[in-house]
Amino acid sequence: MSNPQEEPILIFDDVSFGFDDNVFLRQVSFELRRGETLIIHGAAGSGKTLLLKLALGLLPATSGRIHLFGQDVTRLPEREWFDVRSRIGVLFQEGGLFDSFTIEENVGYPLLNQRLLKIPEEQVQPKVEQSLDFVELGHTLEKFPSELSGGMRRRVGIARAIVTQPELLLYDSPTAGLDPITANNIIALIVKGRDVRGATTVIVTHRHQDGEILERYRYNEKDGGLRPVGSNGDSTRTRYMVMKEGAIAFLGASFDFDCCKDPYVAKFASR
Amino acid sequence: MLEFLKAPVLTFQEFVQLSARASRGVVLKPYYWDDVFTQMDLIGVGSLPVVILTGFFSGAVMALQMSRALQTYGATSQVGMIVAITLVREMGPVLTALMVAGRNSSGMASELGSMKVTEQIDAMRALGTDPVMKLVKPRLLATAVVLPLLTVLADFVGLVGGYIVACVMLPLTTGAQYWNTAWRALGYDDIAQGLLKPFIFAIVLSLVGCFYGMRTTGGTQGVGRATTQAVVVASVWVVVLTFIIGRIFVSM
């Protein structure tokens with residue numbers, strides 16, 4: 001038996017997207033193992049969101065191969081994608097909440113619609129409440145997304161992403177356009193979501209602090225806050241990726257990231 | 001020249017693909033019946049006032065205009081026949097479809113378009129539902145059921161409109177004469193044509209509305225563009241199709 005921690009969850013093998021002169025993603029290759037955290041930086045339009053959409057099968061890769069949970073999903077028909085997607089939680093850049101549904105219906109949506117989950121109907125309500133309590137929005141069940149602030153909507157999006165307890169979580173710019181305090185709260189929730197269930201996490205962000213928090217802190221179950229990663233060999237196994245014009249400009253650990261000489265990459269590292 | 005044709009051909013291909021997926025979806029599970037009934041209410045009940053009004057006045061106008069021509073031959077008593085045939089064969093289905101295109105194809109395009117640009121369609125796919133099944137199919141089914149019913153209603157109200165004009169404004173016409181000629185003029189093929197047309201229009205109207213909504217790009221401006229395109233394309237298809245279907249029935 002191989003070590004479950006070494007099992008790759010997501011593999012991009014030489015993946016490109018685009019045609020002729022419009023190539024949006026060029027020969028992207030990387031592996032993400034179970035329990036790892038991947039932080040993706042990059043300028044606007046460098047293909048970060050596209051990368052997540054390919055990983056979710058919302059767009060087909062033009063060339064190269066994508067593997068998810070050990071299965072080759074490159075040419076998977078849409079109907080079979082739904083089974084794979086039920087193991088992934090996602091927060092979209094704009095939240096992607098259904099604005100004609102209440103918060104309760106929004107968070108319950110994947111529970112009721114992911115075919116693979118088959119949740120009995122009486123269990124939906126408690127799970128929804130539990131997930132909303134997790135992001136401290138248990139009182140908003142009957143509200144509509146338009147009645148909430150931007151930060152609250154982002155938190156509802158997180159509640160909806162984690163409600164199915166997925167193995168892989170994808171966050172697209174969870175802190176974009178938020179004030180620093182709200183942004184830090186959101187990141188703390190993402191750390192919590194990662195550590196409580198040991199989910200593999202991919203996060204696209206513009207803020208260097210986001211990556212730093214995710215790398216250096218763990219969720220503290222005793223007091224509900226964050227604590228620095230211990231020295232007893234515990235590691236969040238965090239890696240950084242920097243995208244530039246559709247290609248990977250950097251991929252590696254934080255030490256290499258901070259020391260990288262490339263001026264483009266250095267812009268995203270702390271200095 | 002070829003470059004010029006590329007975009008419309010590509011658009012048509014995408015439309016055919018969506019239509020194929022939607023039609024295949026009609027016989028496949030899952031069915032979201034809640035959404036179907038909501039759409040029926042929205043399209044059917046919601047369109048009642050406008051459909052009744054246009055139906056009534058188109059019948060009245062037909063009677064009014066045709067009476068002039070009929071007077072020349074001293075045949076004003078035949079006005080019921082003319083109103084019945086034009087309404088049931090052409091005016092009822094086409095005007096109802098145009099009204100529904102204006103109300104609902106645009107509504108579908110703007111609703112789905114807004115969902116597209118705010119990533120709700122992507123979210124839907126990511127969370128386990130196929131947008132074709134969840135959004136397109138209910139609209140297709142609802143329109144296909146409701147549009148023929150609306151058309152029948154418009155036909156009837158139009159006949160009543162013609163009747164009022166014939167009795168009140170035209171000399172030498174009695175109500176009994178009007179209904180008698182109207183009834184005798186209609187054959188089974190007229191009824192068949194009058195019901196087949198709205199059914200086919202319904203398919204086109206809903207698919208065009210959903211299609212332009214689902215391919216919306218470019219923010220709020222894109223939603224506006226998609227809405228306009230949906231109404232224009234749906235309306236043009238209605239008048240083109242009514243000619244084609246009419247041609248087939250005439251030659252039969």
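Just so it is clear, none of the values below were taken in a lab; they were calculated from the coordinates. The structure displayed is predicted, hence computed values, not measured ones. For neighbour counting, all protein chains shown are included, and Cβ atoms are generated from backbone atoms with ideal geometry for every residue, glycine included.
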Which whole-number percent of Cα pairs in chain A have a distance greater than 36 Å?
-> 12
Charge dipole (debye, nearest 20) of the protein assembly as shown; +1 at Cβ of Lys and Arg, -1 at Cβ of Asp and Glu = 720
The answer for A:Leu10, listing residues at least 5 apart or on another chain whose modeled amide H is closer than 5 Å to its amide H, is A:Leu32, A:Phe69
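From the Cα trace of the protein assembly as shown, what convex hull volume per residue do you get, rounded to a whole Å³?
195
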Amide H contacts under 5 Å for A:Lys244, restricted to residues at least 5 apart in sequence or on another chain and with H modeled in the peptide plane, are A:Ala249
When chain A is modelled as a GNM with alpha-carbon springs shorter than 10 Å, which of A:Glu129, A:Glu104, A:Glu221 fluctuates the most?
-> A:Glu221
Tell me, what is a quarter of the convex hull surface for the C-alpha atoms of region B:33-251, in nm² with one decimal?
-> 13.2
Fewest to most neighbouring Cβ within 10 Å: what's the order for A:Cys260, B:Cys167?
-> B:Cys167, A:Cys260
Principal-axis tilt of helix B:188-214 within chain B, Cα atoms, nearest 10 degrees | 30
What's the angle, to the nearest 10 degrees (0 to 90), between helix B:106-117's Cα axis and the longest principal axis of chain B?
-> 0
In degrees, nearest 10, range 0 to 90: what is the angle between the Cα axis of helix B:137-169 and the longest Cα principal axis of chain B?
-> 20
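Restrict the search to region A:52-135; then list the chymotrypsin sites (Phe, Trp or Tyr not before Pro) that DSSP places in a loop and that have at most 14 other Cβ atoms within 10 Å of their Cβ.
none
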Place the peptides B:215-227, B:192-204, B:238-250, B:136-148 in order of packing, highest mean first, counting for every residue the other Cβ atoms within 10 Å and averaging per peptide.
-> B:136-148, B:192-204, B:215-227, B:238-250
Take peptide A:107-117, look around each residue's Cβ out to 10 angstrom, count Cβ atoms belonging to other protein chains, and average those counts.
-> 3
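Pairs A:Lys244/A:Lys267; A:Lys118/A:Lys192; B:Lys29/B:Lys134: which are spaced more than 18 Å apart, C-alpha to C-alpha?
Working: A:Lys244/A:Lys267 12 Å; A:Lys118/A:Lys192 26 Å; B:Lys29/B:Lys134 11 Å.
From A:Lys244/A:Lys267; A:Lys118/A:Lys192; B:Lys29/B:Lys134, over 18 Å: A:Lys118/A:Lys192.
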